[in-house]
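See below for the structure under consideration.
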Amino acid sequence: MTQRISLSVNGRVQTIDADPDMPLLYALRNDLGLSNPHFGCGLAQCGACTVHIDGEPVRSCVTPVSAADGVQITTLAGLGTPEKPHPVQKAYVDEQVPQCGYCVNGWIMTAAAFLKKTPKPTDGQIREALSGLKCRCGTHLAILRAVKRAAAIG
Amino acid sequence: MNAINLSLSRRQLLQSTGALIVTTAAPVEALAQLAGSAVPAGKPPLHPTELDSWVAVGADGNVTAFFGKMDMGQGVDVAIGQIVADELDVPYGRVTVVMGDSGLTCNQGGASGSTGIQTGANALRNASAEARRLLLEQAAQRLGVPAEQCQVADGVITGGGKRVTYAELIGGKYFQHKLEWNNQWGNPLNVTGKAKPKSPDQYKVVGQSIPRNDVAGKVYGTDDFVTDISVPGMLHGRVIRPETAGAVPVSVDESSIREFKGARVVRKGDFIGVVAEKEWDAIQAAEKLKITWSNAPSIFPDQPSIYDHIRKAPVARHTVEANVGDVDAAFAGGARIVEAEYEWPFQSHACMGPACAVVDARPGEATVWTGSQKPHFVGQGVAKILDLPADKVRAIWIMGPGSYGRNDSGDAAHDAAVMSQAVGRPVRVQGARHEGHGWDPKGPASVHRGRAAIDAQGNVVAYEFMSKGFSRIDMATNESNPSDTLAGMLVGFPNATQHGFGVPAESYAFATKRTGWETIAPLLTKASPLRTGHLRDPVGPQIHFASESFIDEIATAVGADPVEFRLRHVKDPRDIEVIKATAEKAAWKAGPAGTRRTASGDTLAGRGFAYSTRNGTVVAVVCDVEVNRRTGAVWARRFVVGHDCGIIVNPAALRLCIEGNVVQAVSRALWEEVTFDNKSVTSNDWLSYPILDMTEAPESVECVLINRPAMNPRGAGEPSTRPMAGAVANAIFEATGVRIRRAPFTPDRVKAALA
Ligand code: FES
Ligand code: FES
C-alpha cells in the first residue's frame, strides 16, 4: 500500500504517495522528474543511480523510498551548475571526460563525496575509492585526470 | 558550435514532437524557429538530392548541418561541424549539427564501421562546398563583381570594396538546389555539386582540438538520455523473457498482476510483456506475472565444451580471402612447422544501462525515440513490425546508455512498438540488468588456427591463418528487419542467419599465404540470448588476438625480435612508418623473446607488440604488463599507441577516442566472457560479467598520432580496439614465458597457465 513520503531534494521539499518499498530511484525519476540518477543495474553494482543523502553517496536503486523520508537528498544538478560548478564537474568539463555519459552521475557524485573526506588523495586512493563504479565506454583515464584536477583546484 | 543551443534544440524538438504527432516536415520549422531563423514553409522534401536536406543558413547567418549519422560521445558531430565550417568559410561557433533523426536527416547509415567521418563527412563536405559556390555566385551578381574577385570570410563575401553576408543572401530561405546523388543509402551515401571542396592546405578549423558539445549537458545533468524521454499518455512496459532459451508462453494468468494499477498483458505470437501506468508497477508486474512456458529442450552445450562444439560443428560457410602462391606445396617443403590455436568467448555489449526506447504507435504512423546508433534503420524495422509504410515512422535518436554496435537498443524499440500498438498508447520500455547482459546480441565465440612453415634458413615459406566461429551477422548489422530483433522473431518474422567473419588485416607479405574463415550455425535460431552480431570492431579483437599472437610465436620460433620480424614482412609503407614510430616512442629494446622481461618479488613484467589495420587506418601498440605470479592477476599498465587515420580532424578528440578503445579492449581481453548453462546465459550482471574497474585501469596511454593532411580521413572509432588483446597476450608471454591462447586472460586462467 502507498505511504505519504516527503522528499527533500536539492533543498526543495515535495510530498509523494508511493509504495514504501519502491526504490528511491523511481521516486526521483518518475514522481519528481529528476532524471540525473540513472537506472544501470538496480543491484548496487554500477553506481549510475547515485545521489547524496546527507552528503554521503547512496545507490538509490536499492534504497527504499521510505528510508529517504526527511533526509537531505542531492542530485547531480544540485551538486553544481555551469554557473557554479562543483570542482569535479568543472574538471570533468576541462578533461572532456564522458563518452556516452550514462555513468557520469555515479562517478561525479562518488568522487565529490570522496574528495570531501580526502581532499589530497594519492592515485591509489582515488582508484580504490572509485573501484565500485562502472564505465563501459572506458573513460577511466580521463576520470582519473579529472579527479586529480578537481583535487588540485578543490 | 554552441552546446546549449544544440541541447536546447534537442529538448525543444522533443517537446514539440512529444506533445503531438507531427508530419516529418514540421519539426524543421520548429528547429528553425529555435535557431531564431524564420525559415519559411516550402522546404523541399527531405531527400539526398536536395541541398536543403544538408545545410541551412538562418536569418541570423547561423548554419545548421543535417548529419544522417550520430555521435556516441567521441565528437563526430564536432568534426562534421569543423568540416562544414571550413567548406562554408564560417566560424565554427556558428555551425550547429543536427543528427540522427530520420525526420530531419538523410539515412547515412548511423554509426557504423568507424565511418562517421570517413564516409559520413563526404556528403556534408560536398554540400557545404556547393552552398558556398552558390552563395558566391549570388554575391557576385549582387555586388557586380566577378565571383573570382570575391573573397569569403566568416560568412561575409567581399569584392570591389563592397560586402554582403550569407544571411542577407539566403538567410531563412531555402537553396532549392539539386545535387547529384550516388543512389546509395547508408554508409556509402554521397552527393556532389559543381563545387570542388577545399584542399587540405586551405583548412583552418579542421585540425583544431575543439571541445565537444555534449559534455556540459552530461556533467551538469541537464541533457536527456533516451531513458529520460517521457511523452504524454506514456505507459511503462517490460518484456518477459523465458528462463530456458527458446521456451514460449503457453498460458498466462492475467489475474496474477491485478494489484498493479492499469497493468495489462501484451501478447502477440510468442511475445509477452506487461504495461502499467507506473514504472515500478510494470517492473513488479513483470516479476509477478504467472506464465506457463513451453517445455523447451535445454539446447546449449556445456560451456567448457563450446570450443569443441565450434571445431566439430558442420561448416555453414567457408571462405578463403587471400591465397598467395602454392601454400600447400610450401608447407610440404618446410623444414619445420609452427602451429597454434587460439580461442575467444562470446562477449556482451553490456551497456551501462539496459536498452530503452519509447514508441508512440498511432493508426497510420509512429514515432520512435531510440538510443540505437542506426536510428533510420530502426525506424524501417519498426515500420515493418507495425505494418506501416517506412515514411510514416519517424525515428529520433537520443543518446542511450552506451552503444558499441548492434546492441539491445533496436530490440527495445521493437518491443515498445509491439506494445504501443497493442495498447494504443505510447510505451516506454527499459529492460532489467539481466536482460541487458543476458539477451543483448553477443560478439561471436571463435577458434583460430595459425600455421607457418619455416625453411632451413629460418625464413617463413608458408603462412596460413583460419578462423572458425559463429557468424558476426547472425543478427544483421542494423535493425531494419524485425527478423533481426527479439520481438520480430517472437511475433513471427523468422530469422535467416547471414554468414560472415573475417581475416587478419595487415600487410605481411609471406612467400605463400592463405587466410580465410568458416562459420557455423547459431545454437538457436529464434530469439536466442546467444545470437551473434556486431560488437565494437566486429571480430577484430578475436582475429588479431590470434593472428598477432601467432606472429610473435613465429618470431620466437626463429629467434627474431618481434618488431624487426614484423618489419621484415610488412609491405605497406604507412604500416612500416607506424610500427617504427611506435617502437621508437616506446624505446623498444630489440632482441628475441625474453629481452624485455623483468621480475621483482611476485611481479613479472614484460612488454609486447602488436599491429593491425582497419579500412585504411593503421594502429601499432607497445604494451607493458605486470603479472602477479601468485594470483595470476594481469595489470596492463602502459600503452604506447601509434595511430594513422589519414588527416586528423580533431587531435584532442582522437586521443580520448583511442584511450576509450584501449580501456574497453583491455577489459575484453582480461575479463569478459559470457557464461551460460544448458538453458540460457548465466552472466547476467556485473558480478558474473566483470569489466575492467578503476584499480585495473592502465597508468598511461600515450598516443603517437601520425597526421596525413593529404589523405582523406579514415576511421578512428574502432581501429585501436583491434590489436590490444594481441599486444597484452604478447606482453604476458614476454613477462612469464607462458603463452595464453584462450581469452579472457583472467587471474585464474593465467595462474593455472603459470603453474
Ligand atoms: S543502478 Fe544503482 S548501482 Fe547500478
Ligand atoms: S561514458 Fe559511457 S559508460 Fe561511462
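The values are calculated or read from the model by the stated rules, or taken from the named source; none is laboratory data. These numbers were taken from a predicted model, which means no experiment stands behind them. Using ideal geometry, Cβ is built from the backbone for each residue, glycine included, and neighbour counts are taken over all protein chains shown. To get the accessible areas, we keep the full protein, side chains included, count just its heavy atoms, and leave off ligands, DNA and RNA. Shrake-Rupley method; radii C 1.70, N 1.55, O 1.52, S 1.80 Å.
Largest accessible area first, the listed residues A:127, B:94, B:133 line up as B:94, B:133, A:127 when surface is computed with a 1.4 Å probe on the assembled protein chains. For the residues B:72, B:99, a 1.4 Å probe over the protein chains yields an accessible-area ranking, largest first, of B:72, B:99. In this simple spin-label approximation, residue A:122 and residue B:449 carry label points 7 Å from Cα along the Cα→Cβ vector, and these lie 5.1 nm apart.
Work out the length of the dipole vector of chain B about its Cα centre, built from +1 on the beta-carbon of each Lys and Arg and -1 on the beta-carbon of each Asp and Glu, and round it to the nearest 20 debye. Show your work: numbers first, answer last.
Details: 78 positive and 80 negative charges, 75 e Å.
With Lys and Arg at +1 and Asp and Glu at -1, about 360 debye.
Of the residues B:632, B:539, B:158, the one whose Cα sits farthest toward the positive end of the charge dipole of chain B, with +1 on the Cβ of Lys and Arg and -1 on the Cβ of Asp and Glu, is B:158. If one computes the Cα centroid of segment A:55-110 and of segment B:584-653, what distance in Å separates the two points? Taking the Cα centre of each part, segment A:55-110 and segment B:584-653 sit 35 Å apart. By the rule of a C-alpha distance below 29 Å, with chain neighbours fewer than 8 residues away ignored, the lysines paired with residue B:580 are B:513, B:571, B:589. Bridgeable aspartates and glutamates around residue B:278 (alpha carbons under 13 Å apart, same-chain partners fewer than 8 residues away excluded): A:17, A:19, A:31, B:259.
Available extension along the chain between residue B:521 and residue B:323 is 68.7 nm, counting 0.36 nm per residue and deducting the alpha carbon span. Sequence-distant contacts, meaning Cα pairs under 8 Å at least 6 residues apart, place the relative contact order of segment B:337-397 at 29 percent. For a bin width of 5 Å, list the pair-distance distribution of segment B:119-250 built from all Cα-Cα distances, rounded to whole %. Reading upward from the zero bin: 2, 7, 11, 11, 11, 12, 11, 9, 7, 5, 4, 3, 2, 2, 1, 0, 0. Annotated for segment A:80-153: lysine pairs at least 8 residues apart or interchain, Cα distance under 16 Å, count 5. Here r is the Cβ-Cβ distance between residue B:390 and residue B:340 and R0 is 51 Å; the resulting FRET efficiency, rounded to 0.05, is 0.55. With the highest mean first, a sort of the peptides B:180-192, B:683-695 on other beta-carbon atoms found within 10 angstrom per residue produces B:683-695, B:180-192.
Look at the dipole of segment B:169-294 built from charges on Cβ: of B:190, B:215, B:255, the Cα furthest out on the positive end belongs to B:190.
Just tell me, in residue order, which DSSP H segments of chain B are both 20 angstrom or longer along the helix axis (alpha-carbon based) and at least -1.0 in mean Kyte-Doolittle hydropathy. If you can, show how the numbers build up before the last one.
Working: long enough: B:3-19 (24 Å, 0.02); B:120-143 (35 Å, -0.36); B:409-423 (21 Å, 0.24); B:540-557 (25 Å, 0.17); B:651-670 (28 Å, 0.79).
Sorted by number, the helices that extend far enough and score high enough are B:3-19, B:120-143, B:409-423, B:540-557, B:651-670.
Placing a label point 7 Å from the Cα of residue B:158 along the Cα-to-Cβ direction, the residues of segment B:132-149 whose backbone N falls under 17 Å from that point are B:136, B:139-140, B:143-149.
Hey, can you list the residues from segment B:691-719 whose accessible area shrinks by 50 Å² or more with all protein chains present, relative to the chain by itself (probe 1.4 Å, no ligands or nucleic acids)? Listed in order, they are B:691, B:694, B:695. On a 27 Å Cα-Cα criterion, which of the cross-link pairs B:218/B:268; B:162/B:198; B:69/B:196 come out too long? Check vs 27 Å cut-off fails for B:218/B:268. Both numbers refer to the Cα atoms of the protein assembly as shown; Rg and Dmax are 27.6, 85 Å. Under the criterion of Cα pairs below 8 Å and six or more residues apart, the relative contact order for chain B equals 13 percent. Taking a straight line from the alpha carbon of residue B:194, these lysines sit under 23 Å away, with near neighbours fewer than eight places off in the same chain left out: B:43, B:173, B:178, B:204.
At 222 nm, what helix-only mean residue ellipticity would chain B give, in deg cm²/dmol to the nearest 500, using -39500 (n - 2.57) for each DSSP H run of four or more? My calculation for chain B gives -9000 deg cm²/dmol from helical runs alone.
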